[in-house]
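The values are calculated or read from the model by the stated rules, or taken from the named source; none is laboratory data. For clarity, every value in this text was computed on a predicted model and none was experimentally measured. Here the Cβ positions follow ideal geometry from the backbone for every residue, glycine too, while neighbour counts run over all protein chains shown. The accessibility values were calculated without ligands, DNA or RNA, using every heavy atom of the protein model including side chains. Shrake-Rupley method; radii C 1.70, N 1.55, O 1.52, S 1.80 Å.
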Amino acid sequence: MTLREPSETRILTVASEHLRRFGLKRFTVVAVAEEAGMTHANVYRYFPSRAALVDAVVDVWLKATERRLADIADGPDPADDKLERLILALAKANRDLLTEEPQLFAALSQAVAKRHAISRRNRARVRALFERVIDEGIASGTFEPRDRDRAIAFVIDATHRFIHPAALELESDVPQASIDIRLSTLIRVSLRVLISGLV
């Protein structure tokens with residue numbers, strides 16, 4: 001993990017607070033700089049634009065989530081348990097962000113919709129964790145897919161509606177209990193598909 005300079009860390013801390021309090025529409029580099037006790041020109045030394053600063057704030061959250069997912073992938077559990085926990089943890093992290101940090105969730109949604117670099121990198125890293133766990137399951141004989149790549153694509157596609165920001169926003173008014181039941185069913189089906197070799 002790259003160590004940040006104290007000024008950069010201070011900027012990110014203040015920017016995170018401003019994004020949470022004011023949202024994207026009222027978020028300004030000038031206000032962040034003022035509260036951080038520096039000029040906006042100094043902020044631009046670290047972050048070349050307002051969009052880059054917002055993305056950096058979102059990236060802090062994404063990387064923290066990735067670390068939690070990596071802990072699951074690195075754990076001693078069997079691959080089927082790991083895969084279930086990975087899916088549940090990722091879905092919960094995104095759903096919690098939507099309900100508890102709506103302004104940060106809006107910034108994440110924008111980054112995903114506009115395919116910002118932080119979003120593409122996060123997607124690649126999360127996919128790599130899913131691949132690692134599925135490969136582990138194949139190596140141990142827990143999973144016996146006919147085609148590894150198709151099996152990975154199946155799991156990614158199946159979980160999309162419970163993870164992607166746009167899908168979560170569309171169902172933001174659906175009771176959590178209903179979503180939990182649907183996700184539990186999907187996980188059972190996905191594991192059965194991987195174990196039985198249907199893909």
Using DSSP loop states and a limit of at most 16 other Cβ atoms within 10 Å to flag trypsin sites (Lys or Arg not before Pro), what is the longest stretch of the chain containing no flagged site? 27-113
Which value, in Å² and to the nearest 10, is the accessible area of residue 87 when all protein chains are kept and the probe is 1.4 Å? 0 Å²
Quick check for me: using +1 on Lys/Arg Cβ and -1 on Asp/Glu Cβ, what's the dipole size of the chain about its Cα centre, in debye to the nearest 20? 540 debye
Mean Kyte-Doolittle hydropathy of 0.0 or higher plus an axial Cα length of 15 Å or more: which whole DSSP H helices in the chain meet both? 50-73, 102-113, 148-163, 176-196
Students sometimes get this wrong: rank 186, 168 by accessible area, probe 1.4 Å, all chains present, largest first. 186, 168
I'd like the GluC sites (Glu not before Pro) in the range 1-91 restricted to DSSP loop residues with at most 11 other Cβ atoms within 10 Å, sorted by number. none
Most to least accessible of 199, 189 (protein chains only, probe 1.4 Å): 189, 199
Let me know the shape class of the range 96-199, please: from the alpha-carbon gyration tensor, a ≥ b ≥ c as square roots of the eigenvalues, rounded when a/c is under 1.5, otherwise prolate if a/b is greater than b/c, or oblate. oblate
Of the candidates 140, 73, 156, the farthest towards the positive dipole end of the range 68-199 (Lys/Arg Cβ +1, Asp/Glu Cβ -1, centred on the Cα centre) is 156
Area of residue 40 that stays accessible when all protein chains are in place (1.4 Å probe, Å², to 10): 90 Å²
Exposure ranking of 138, 163 by accessible area [1.4 Å probe, largest first]: 138, 163
Quick one: accessible surface of residue 169, probe radius 1.4 Å, all protein chains present, in square angstrom to the nearest 10. 90 Å²
Cross-link partners of residue 25 among lysines (Cα-Cα below 22 Å; sequence separation of 8 or more within a chain): 114
